[in-house]
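Trainee: Okay, handing you the structure first.
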Amino acid sequence: MTEHIVSAFENELKGLAQRVAEMGGLTEKQIVGAIDALIRGDVALASTVRAADPAIDAMQREIEEAGILVIAKRQPMAIDLREIVAALRIAADLERIADLAKNIAKRVIAINGSLPLPKVTGGFDAMARLALERIKEVLDAFAQRDVAAALEVWKSDGDIDALYNSLFRELLTYMLEDPRNIGACTHLLFCAKNLERIGDHATNIAETIYYVVNGTTLAEERPKLDTTSIVSAGS
């Protein structure tokens, strides 16, 4: 009977981890779709990204409910409890990342091809690629419980900040050069901030992995290179 309970508990933990992995895959797809829509000015694709967001919200709620149920039934301790807490935290971060992708899609819909966009697509593409790379790396680190890989993601957050700072300055230059660019550039500034925030959530996940494996939180201060004054990603 005890062996049966242990086996069932292990399956429940594996099920939680699998749901987080599936949610991560869908979240990555949302980021790709949002950036493609932005670069191509594809309102239809942006609408698809926006419409897919509730499904990710539902996955986050399912993971939360499943995790709480496991805690109530099994009363886990030590690393088993940390595994469940980690799944809940990471699901929350993924849900927020998906929200940020949705926010980018909403900006594309708001622009709707009616505003002239400055030629900054390369900067967005570079930021998006780096953000996606960090998300993939940190989710792989979670799957393998690889603290070293998670710390590499955590330490490299400044790379995305640097790209954001550069794009921020470039967009401000366009706005100063021609007031007609202000509308489009304002939307793009928020899109850039959303990507920068996606990088922040990747570092959140890295910190969670460290906690799950070591049972303690990272004592070091998170590296940040964002020197701009925009503090909200907008919605």
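The values are calculated or read from the model by the stated rules, or taken from the named source; none is laboratory data. Since the structure is predicted, the reported quantities are computational estimates derived from the model, not experimental observations. Quick reminder, even Gly has a Cβ in these numbers, built from the backbone with ideal geometry, and neighbours come from all protein chains shown. Note: areas computed on protein heavy atoms with side chains; ligands, DNA, RNA excluded. Shrake-Rupley method; radii C 1.70, N 1.55, O 1.52, S 1.80 Å.
Trainee: Residue by residue, what Karplus-based ³J(HN,Hα) values in Hz, rounded to whole numbers, does segment 172-183 have, using 6.51, -1.76 and 1.60 with θ = phi - 60° and x for Gly and Pro?
Mentor: Listing the rounded values in order: 4, 4, 4, 5, 6, 5, 8, x, 5, 7, 4, x Hz.
Trainee: For the pairs Lys106/Lys136; Lys106/Lys155; Lys14/Lys106, flag any whose C-alpha to C-alpha distance is greater than 27 Å.
Mentor: Lys106/Lys155; Lys14/Lys106, as the Cα separations exceed 27 Å there.
Trainee: Helix 121-144 sits at what angle to the longest principal axis of the chain, using alpha carbons and giving 0 to 90 degrees rounded to 10?
Mentor: Approximately 0 degrees, to the nearest 10.
Trainee: Order the peptides 13-19, 68-74, 29-35 from the highest to the lowest mean number of other Cβ atoms within 10 Å of their residues.
Mentor: Top of the packing list down: 29-35, 13-19, 68-74.
Trainee: Give me the distance in nm between label points sitting 7 Å out from Cα along the Cα-to-Cβ direction at Ala110 and Leu218, one decimal.
Mentor: Computed distance between label sites Ala110 and Leu218 equals 3.1 nm.
Trainee: If the cut-off is 18 Å between C-alpha atoms, which aspartates and glutamates fall inside it for Lys119, apart from same-chain ones fewer than 8 positions away?
Mentor: Straight-distance partners of Lys119: Asp36, Asp42, Glu170, Glu177, Asp178.
Trainee: Say the dipole of segment 112-202 comes from +1 at the beta carbon of Lys and Arg and -1 at that of Asp and Glu; which of His201, Ala149, Ala184 then lies farthest toward its positive end?
Mentor: Ala184
Trainee: Here is a follow-up. How far, in degrees from 0 to 90, does helix 2-40 lean away from the longest principal axis of the Cα atoms of the chain, to the nearest 10?
Mentor: 10 degrees
Trainee: What does the charge count near Ala46 come to, summing +1 for each Lys or Arg and -1 for each Asp or Glu among other residues with Cβ under 10 Å from its Cβ?
Mentor: +3
Trainee: Here is a follow-up. Return one number: the angle in degrees, 0 to 90 and rounded to the nearest 10, between the long axis of the Cα atoms of helix 78-111 and the longest principal axis of the Cα atoms of the chain.
Mentor: So the helix axis and the longest Cα principal axis differ by about 20 degrees.
Trainee: Take peptides 180-191, 41-52 and line them up by average Cβ neighbours within 10 Å, highest first, as a rough protection proxy.
Mentor: Final packing ranking: 180-191, 41-52.
Trainee: Also, quick follow-up: Lys193: which aspartates and glutamates have alpha carbons under 12 Å from its alpha carbon, excluding same-chain residues fewer than 8 sequence positions away?
Mentor: Filter leaves Asp161, Asp226.
Trainee: Quick check: with the 1.4 Å probe, what order do Glu170, Glu28, Glu196 take by accessible area, largest first?
Mentor: Solvent-accessible surface, decreasing: Glu170, Glu28, Glu196.
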